[in-house]
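Engineer: Sharing a structure, written as structure tokens. Questions coming.
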Amino acid sequence: MGLLDKLSSWMGGGGKVVTVLVLGLDNSGKTTMLRTLTTTEQEGQRQGPGASSVPTVGQRQENFQSGGVSFRAWDVSGAARLRSLWERHYRHCDAVIFVVDSADHLRLVVARSELELMLSHPDMSGRRLPLLVLANKSDAPHALSAPHVASALGLERITDKPWHVCASSALSGEGLGDGVSWLARQLREKH
Amino acid sequence: MSSFRRDKKEEEDTGGNIFQNLDKTALLQEARYFNSTPVNPRKCVQILTKIIYLLNQGEKLTTQEATDIFFATTKLFQSKDVVLRRLVYLCIKELSSMAQDVIIVTSSLTKDMTGKEDLYRAAAIRALCSITDSTMLQAIERYMKQAIVDKNPAVSSAALVSALHLSATVPELVRRWVNDAQEAIMSDNAMVSYHALAVVAGARKNDRLSTVKLVTKLSRSPLRSPFALCLLVRYAAKLAEEDQTEASEPYLEFIECCLRHKSEIVVYEAAHAIVNLRKSARDLAQAVSVLQIFCGSSKATLRLAGARTLAKLTTKHPNAVAACAVDLENLISDPNRSVATLAVTTLLATGAESSIDRLMKQISTFMSEISDEFKIVVVRAIRRLCTKYPRKHQSLASFLAGMLRDEGGVQYKTAIADAIIALIEENPDAKETGLAHLCEFIEDCEHTSLAVRILYVLGREGPKARQPSRYIRYIYNRVILESGPVRAAAVSAVARFGATCEDLLPNISVLLARCQLDDDDEVRDRAIFFSAILNSNDPQLISDYITNVPTPNPVLLEKALHDHLRLNPDKPFNILSVPSSEPTKEPEEAPVQIETRKQPVVSLEELYSEQLKVVPGIEKLGPPFKTCKAIDLTEPETEYRVRCVKHIFARHLILQFECLNTLSDQLLEKVRVRLESAPGYKILCEVPCEQLPYDKQGSVFCLLEFPRGPIETLGTFGATLEFSVRDCDPTTGLPDGGDGYSDTYPLEEVDVGCAEQFRAHVAPDDWEASWERAASAAEASDTFVLSQSDINEAASAVCDHLGLPKAAISGDAVKEIRGGGLWREGTPMLVRARLVASQGSVTMKLTARSPREDVATLLLAAVG
């Protein structure tokens, strides 16, 4: 048990374990985001930003902690032919992080349709899962702002789930902290 | 203390039962537990163990079930427990062939494979290679290359062995890793070095030149790993075997040098290689002396290895083994019974006639202690001795009879009965005693199949004995005492006595009349049938239906009857149209072996009947008359290999061309064979092979009709292979775009001779009588001068030509070949050839008798 684990268990009271599903199109920055989260949380900036990652094939599993909650994150491949495997995880997840490449204007509609497909899945609809939308790559030129992304994805129509959108940069870690702490708060309240 | 022991025993009893009575559906339910967060590793380990146990017990999962379990298992990557993780890898490997979408764990496994935890890495590599397909391999190639040269031996070995497995599906890709593997050959770790050598050599197995280079280079370098050295010895031996010239000398030197290695395993491998070389090795003595030392070793494995290799050597070089007789005799009393049995059988095979009695005495001391399997080995050795030393038959037969009286399973008894029957058939002196032993045995034989078989032998051999009447009592006892099948067999045997021995006929008739009141239908039927035949007093009828009954091949008979019922059930069925069963041939080499591997003996006709179903209208041709052995129409080692199999039917001929494409970058399409037909033949139809991918055999069929006159059937067909070529990717086998181009490939000519159209058999015992009976039939006769100078060679050449077995030859100075056969349309024929050597050449007078004169002439024409 690391010091942080103990710290968080004192602060958060119990150190809840939740399963969070990280979704999004390919090349939206899911794996990079998780790596930034795990390294900053546990080992500091050891690997350094900028280290590029290879496209995920299938799925990966990462653990990180934030705000007294211990996250078991499933990083699922966003490649088109593997997206059908997302639904295998729906039933057993407690929260969803949906990562969008805010500089990729063209495929925002694809992201929207995938999001809607996910939300309308029988295992998802009707459950009050917190949904965190990360408008990633906010540091890129021509990146859309968070409100723009929210309207492009039609988030305002989601009424049965608490959702939150925040601009982030997975490479630098900017904005991730805000988003994850919102998620942790939601999960603590819910249980 | 005693109570403690009982406790422990009880614990073991219950402990062994955990995994029994596992239920698949319950287990599927249990596997759902994997989805909970967090998981209890101990519980998961137990469930996974159950799953793996169930899979290894042969339980079949549907794709859906397997996929469900697989996905549940992938959830366990969240736990960091080492034992659990490694079980997860195992489970992934087990399920990889059954479940769908297994590639989703690729990234998880790559992460473990490149991670810091050494315990995970090797297992992750193995699991990863079992789930990837050729398209995903590119992505992990970099990691594989790194893993091969990893400094952790377990990781490196795992990567190399996985590469070896992958080379079966994607050889091209693995070939790119050879440089890394080559580096690993020089590793300090024995296993890594061994596996690396296997990968490197495997990648070059189709390229002789680079294999030669590899072996030459490595045989000079100090290879430290004994396992790698063993493998190298094998490759060197293979190269020496292929190359019979002087160039193979360095390999032999290398192998001999290995005889002095300090590791026993290398020494044995080298000795084994030398002993098994086909060419007469220069220095067998060195290898044999090494094996001799092994025989005296304190380790049982070495003794077994030594004894076993010597036993193998006996068939080739009995003299070399004879030198080890003393060492082998010491092994007879070896506590390890496998070693003892091998030693005894080897000694029996090499020993002189004088030492047999002593050996037999020694064997009988431990016969009761060894298992049936080894007993069978000993029985086989004794059987070979019977052939080798016919004069010893008395003691051997009584020994066999003694074993027959002992307890034993049906296989053991069958082996003994086989040995005695073989003795009876080969050695006329042993016939009476052998038959007496068999008679005694069936008095209390509980195995029906064996009793039936012995009754058949008695029926065949008994009438020729000096006093046939004494066997009838034994046989008739069966009719009174035994079950239905045995009674029926006994009735048949009795009838054969009646058919052959005139003076016994009245008594036999009485016996058969009694059998007509039997409870069993089959027994009554047989008795009535045989009485009627015997009472007819017609020698031809008796010969055809009692003494010389052809036995059709059961599989083909069933098929022929089936076809007959489907097509023309109104017409009578001709049993002669079914090929008769040939006597099953003993495998030629007869080295002493402990493990008995059995291969089902299938006749050529049975083998091909499935393949022939694609020819349209095949069922109208009737049953196949004969299928000839495949003939090569191309040189070996060419781009395309084509073999021709001739299937003969009553009026038709099917030429089956078995084609093999040996070019990995080509896909052949629309493969057909253009025949330049011989005069008189009509080509009815052709079945081309649509696609011929690399290394898959495909067949082209041509259906032809025979000309009317038998003489015209002798002919030669010119043949050319025609096809269109499409280039394709050697790794995936998928063709490139484009239509490809057509090409031809010349083949050697196909001959249709005379032997193919006859189903020949050796002359039966009453051949003289049949020959006389056929005197009224058409006869063709001619004299030939043969090109061979040696009369034996000439005789066997004639036999080959006529399709007769070598057993048909008799006589010394004047060779006489007697045979009979059936022409494809069902006409019987008898043939006699007399060969005389005179002034450096052989003269032959060939006479053929047949109801159809043209058939008889065909036979002569074929020779001339």
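Engineer: Condition test on B:L481, is it within 28 Å of B:E432 (Cβ to Cβ), open to solvent by 30 Å² or more (accessible area, probe 1.4 Å) and among the hydrophobic types (A, V, I, L, M, F, W, C)? First the steps, then the outcome.
Structural biologist: On the way: within 28 Å of B:E432 (Cβ to Cβ): yes; open to solvent by 30 Å² or more (accessible area, probe 1.4 Å): yes; among the hydrophobic types (A, V, I, L, M, F, W, C): yes.
Yes, satisfied.
Engineer: Going through the stretch B:788-805 one residue at a time, which ones are surrounded by fewer than 16 Cβ atoms within 10 Å (Cβ to Cβ), touching a residue at least 40 places away in the same chain (Cβ under 8 Å) and polar (S, T, N, Q)?
Structural biologist: Listed by number, the list holds a single entry, B:S789.
Engineer: Can I ask one more? Quick check on B:K80: is it open to solvent by 20 Å² or more (accessible area, probe 1.4 Å), within 20 Å of A:L85 (Cβ to Cβ) and within 14 Å of chain A (Cβ to nearest Cβ)?
Structural biologist: Values: open to solvent by 20 Å² or more (accessible area, probe 1.4 Å): yes; within 20 Å of A:L85 (Cβ to Cβ): no; within 14 Å of chain A (Cβ to nearest Cβ): yes.
Considered against the rule, which asks whether it is open to solvent by 20 Å² or more (accessible area, probe 1.4 Å), within 20 Å of A:L85 (Cβ to Cβ) and within 14 Å of chain A (Cβ to nearest Cβ), B:K80 comes out as no.
Engineer: Please find, within the stretch B:53-71, the residue that is nearest to the other protein chains (Cβ to nearest Cβ) out of those that are surrounded by 17 or more Cβ atoms within 10 Å (Cβ to Cβ) and within 21 Å of B:I104 (Cα to Cα). It would help to see each step written out before you state the result.
Structural biologist: Step one: of the stretch B:53-71, the residues surrounded by 17 or more Cβ atoms within 10 Å (Cβ to Cβ) are B:54-55, B:61, B:65-71.
From what is left, the residues that are within 21 Å of B:I104 (Cα to Cα) are B:61, B:65-71.
On the way: B:L61: 17, B:E65: 15, B:A66: 14, B:T67: 9, B:D68: 10, B:I69: 12, B:F70: 10, B:F71: 5 Å.
The extreme case among them is B:F71.
Engineer: Of the numbered conditions (1) basic (K, R); (2) open to solvent by less than 10 Å² (accessible area, probe 1.4 Å); (3) in contact with a Pro (Cβ under 7 Å, 6 or more places away or on another chain), B:R496 satisfies every one except a single condition; which is it?
Structural biologist: Tallying (1) basic (K, R); (2) open to solvent by less than 10 Å² (accessible area, probe 1.4 Å); (3) in contact with a Pro (Cβ under 7 Å, 6 or more places away or on another chain), B:R496 fails exactly one: (2).
Engineer: Of the conditions (1) in contact (Cβ under 8 Å) with a residue 12 or more places away in the chain; (2) more than 10 Å from every other protein chain (Cβ to nearest Cβ), A:S77 satisfies every one except a single condition; which number is it?
Structural biologist: In the conditions (1) in contact (Cβ under 8 Å) with a residue 12 or more places away in the chain; (2) more than 10 Å from every other protein chain (Cβ to nearest Cβ), A:S77 misses (2) alone.
Engineer: What is the number of the single condition among (1) closer than 26 Å to B:F294 by Cα; (2) open to solvent by 80 Å² or more (accessible area, probe 1.4 Å) that B:E246 does not meet?
Structural biologist: (1)
Engineer: Looking at (1) surrounded by 17 or more Cβ atoms within 10 Å (Cβ to Cβ); (2) at pLDDT 80 or above, can you tell me which one B:V592 breaks?
Structural biologist: Checking B:V592 against (1) surrounded by 17 or more Cβ atoms within 10 Å (Cβ to Cβ); (2) at pLDDT 80 or above, the one that fails is (2).
Engineer: B:T74 is checked against (1) open to solvent by 10 Å² or more (accessible area, probe 1.4 Å); (2) without any contact (Cβ under 8 Å) to a residue 40 or more places away in the chain; (3) within 27 Å of B:K24 (Cα to Cα); (4) within 14 Å of chain A (Cβ to nearest Cβ) and fails just one. What number does that condition carry?
Structural biologist: Here B:T74 clears every test but (1).
Engineer: A further question follows. Out of the helices (runs of 4 or more DSSP H) lying entirely within the stretch B:479-569, which hold 2 or more residues that are under 20 Å from B:I454 (Cα atoms) and of a type in the set (D, E, K, R)?
Structural biologist: Result: B:484-500, B:521-536.
Engineer: Does at least one position in the stretch B:664-674 carry a residue that is in a strand (DSSP E or B), without any contact (Cβ under 8 Å) to a residue 40 or more places away in the chain, of a type outside the set (A, V, I, L, M, F, W, C) and surrounded by fewer than 18 Cβ atoms within 10 Å (Cβ to Cβ)?
Structural biologist: Narrowing the stretch B:664-674 to residues in a strand (DSSP E or B): B:666-674.
From the residues that got through so far, the ones that are without any contact (Cβ under 8 Å) to a residue 40 or more places away in the chain too are none.
No - not one qualifying residue is present in the stretch B:664-674.
Engineer: Regarding the stretch B:46-54, can at least one residue be identified that is closer than 24 Å to B:A158 by Cβ, in a helix (DSSP H, G or I), in contact (Cβ under 8 Å) with a residue 60 or more places away in the chain and not aromatic (F, W, Y)? Write out each step before concluding.
Structural biologist: Step one: of the stretch B:46-54, the residues closer than 24 Å to B:A158 by Cβ are B:48-49, B:51-53.
Next, from what is left, pick out any that are in a helix (DSSP H, G or I): B:48-49, B:51-53.
Going one step further and asking which of them are in contact (Cβ under 8 Å) with a residue 60 or more places away in the chain, we end up with none.
No; the residues of the stretch B:46-54 include none that is closer than 24 Å to B:A158 by Cβ, in a helix (DSSP H, G or I), in contact (Cβ under 8 Å) with a residue 60 or more places away in the chain and not aromatic (F, W, Y).
Engineer: Restricting attention to the stretch B:163-212, which residues are of a type in the set (S, T, N, Q), open to solvent by less than 50 Å² (accessible area, probe 1.4 Å) and closer than 27 Å to B:D695 by Cα?
Structural biologist: Selection gives B:S167, B:S210, B:T211.
Engineer: Output the residues belonging to the stretch B:33-51 that are more than 14 Å from chain A (Cβ to nearest Cβ), crowded, with 17+ Cβ neighbours inside 10 Å and among the β-branched types (V, I, T). Reasoning before the result, please.
Structural biologist: As a first pass, look at the stretch B:33-51 and keep what is more than 14 Å from chain A (Cβ to nearest Cβ): B:41-51.
Now narrow it down to the ones that are crowded, with 17+ Cβ neighbours inside 10 Å: B:41, B:44-45, B:47-48, B:50-51.
Result: B:V45, B:I47, B:I51.
Engineer: Still on this structure, I have one more. Go through (1) over 27 Å from B:S187 (Cα atoms); (2) within 11 Å of chain A (Cβ to nearest Cβ); (3) out of contact with any Leu (no Cβ under 6 Å at 6 or more places or on another chain) for B:D133 and report which single condition fails.
Structural biologist: (2)
Engineer: Taking the stretch B:89-103 as the search range and keeping residues that are in a helix (DSSP H, G or I) and within 11 Å of another protein chain (Cβ to nearest Cβ), which one is nearest to B:D133 (Cα to Cα)?
Structural biologist: First pass over the stretch B:89-103, keeping only residues in a helix (DSSP H, G or I): B:89-95, B:102-103.
Now drop any that are not within 11 Å of another protein chain (Cβ to nearest Cβ), which leaves B:102-103.
Numbers: B:V102: 10, B:I103: 8 Å.
Top of the filtered list is B:I103.
Engineer: Still on this structure: Considering each of B:P428, B:P468, B:P463 in turn, give the residue that is surrounded by 15 or more Cβ atoms within 10 Å (Cβ to Cβ) and either closer than 17 Å to B:A397 by Cα or touching a Ser or Thr at 6+ places or on another chain (Cβ under 6 Å) (or both). Break it down into steps so the answer makes sense when it comes.
Structural biologist: Numbers: B:P428 fails: surrounded by 15 or more Cβ atoms within 10 Å (Cβ to Cβ); B:P468 fails: either closer than 17 Å to B:A397 by Cα or touching a Ser or Thr at 6+ places or on another chain (Cβ under 6 Å) (or both).
Only one candidate qualifies: B:P463.
Engineer: Go through the stretch B:677-711 residue by residue and tally those that are closer than 25 Å to B:A650 by Cβ and either among the aliphatic types (A, V, I, L, M) or assigned to a strand (DSSP E or B) (or both).
Structural biologist: Of the stretch B:677-711, the ones closer than 25 Å to B:A650 by Cβ are B:677-687, B:699-711.
From what's left, either among the aliphatic types (A, V, I, L, M) or assigned to a strand (DSSP E or B) (or both): B:678, B:682-687, B:699-705, B:711.
The total comes to 15.
Engineer: Then there's this: Would you confirm whether or not the stretch B:213-223 contains a residue that is among the aliphatic types (A, V, I, L, M) and either at pLDDT below 85 or open to solvent by 60 Å² or more (accessible area, probe 1.4 Å) (or both)?
Structural biologist: Restricting attention to the stretch B:213-223, the residues satisfying the condition of being among the aliphatic types (A, V, I, L, M) are B:214-215, B:218, B:223.
With the extra rule that they be either at pLDDT below 85 or open to solvent by 60 Å² or more (accessible area, probe 1.4 Å) (or both), the set shrinks to B:223.
Looking through the stretch B:213-223, at least one residue is among the aliphatic types (A, V, I, L, M) and either at pLDDT below 85 or open to solvent by 60 Å² or more (accessible area, probe 1.4 Å) (or both).
Matching residues to (1) surrounded by fewer than 15 Cβ atoms within 10 Å (Cβ to Cβ); (2) in contact (Cβ under 8 Å) with a residue 24 or more places away in the chain; (3) among the β-branched types (V, I, T):
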residue	(1), (2), (3)
A:A150	no, no, no
A:L153	no, yes, no
A:E156	yes, no, no
A:P162	no, yes, no
A:C166	no, yes, no
A:A170	no, yes, no
A:G175	no, yes, no
A:S181	yes, yes, no
A:R185	no, yes, no
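Engineer: Confirm whether B:Q29 is free of Cβ contacts under 8 Å to residues at least 12 places away in the same chain and over 22 Å from B:D133 (Cβ atoms). Before you say what the answer is, go through the steps one by one.
Structural biologist: Working: free of Cβ contacts under 8 Å to residues at least 12 places away in the same chain: yes; over 22 Å from B:D133 (Cβ atoms): yes.
Answer is yes for this residue.
Engineer: For the condition open to solvent by 40 Å² or more (accessible area, probe 1.4 Å), more than 14 Å from every other protein chain (Cβ to nearest Cβ) and among the small types (G, A, S), what is the one hit in A:S102, A:S84, A:S113, A:S66?
Structural biologist: Working: A:S102 fails: open to solvent by 40 Å² or more (accessible area, probe 1.4 Å); A:S84 fails: more than 14 Å from every other protein chain (Cβ to nearest Cβ); A:S66 fails: open to solvent by 40 Å² or more (accessible area, probe 1.4 Å).
Unique residue meeting the criteria: A:S113.
Engineer: Filter the stretch B:104-126 down to the residues that are facing chain A (nearest Cβ under 9 Å) and buried (at least 21 other Cβ atoms within 10 Å of the Cβ), then identify the one that is farthest from B:E65 (Cα to Cα). Walk me through how you get there before you give the answer.
Structural biologist: From the stretch B:104-126, those facing chain A (nearest Cβ under 9 Å) are B:104-111; that's our starting set.
Filter again for buried (at least 21 other Cβ atoms within 10 Å of the Cβ), leaving B:104-110.
Working: B:I104: 17, B:V105: 18, B:T106: 21, B:S107: 23, B:S108: 22, B:L109: 22, B:T110: 26 Å.
Among residues in the stretch B:104-126 that are facing chain A (nearest Cβ under 9 Å) and buried (at least 21 other Cβ atoms within 10 Å of the Cβ), the one farthest from B:E65 (Cα to Cα) is B:T110.
The values are calculated or read from the model by the stated rules, or taken from the named source; none is laboratory data. Everything numeric here is computed off the predicted structure, so don't read it as measured data. Don't worry about glycine lacking a Cβ; one is built from the backbone with ideal geometry, like all the others, and counts go over all protein chains shown. The protein model used for the area step is the full one, side chains on, heavy atoms only, and it has no ligands, DNA or RNA in it. Shrake-Rupley method; radii C 1.70, N 1.55, O 1.52, S 1.80 Å.
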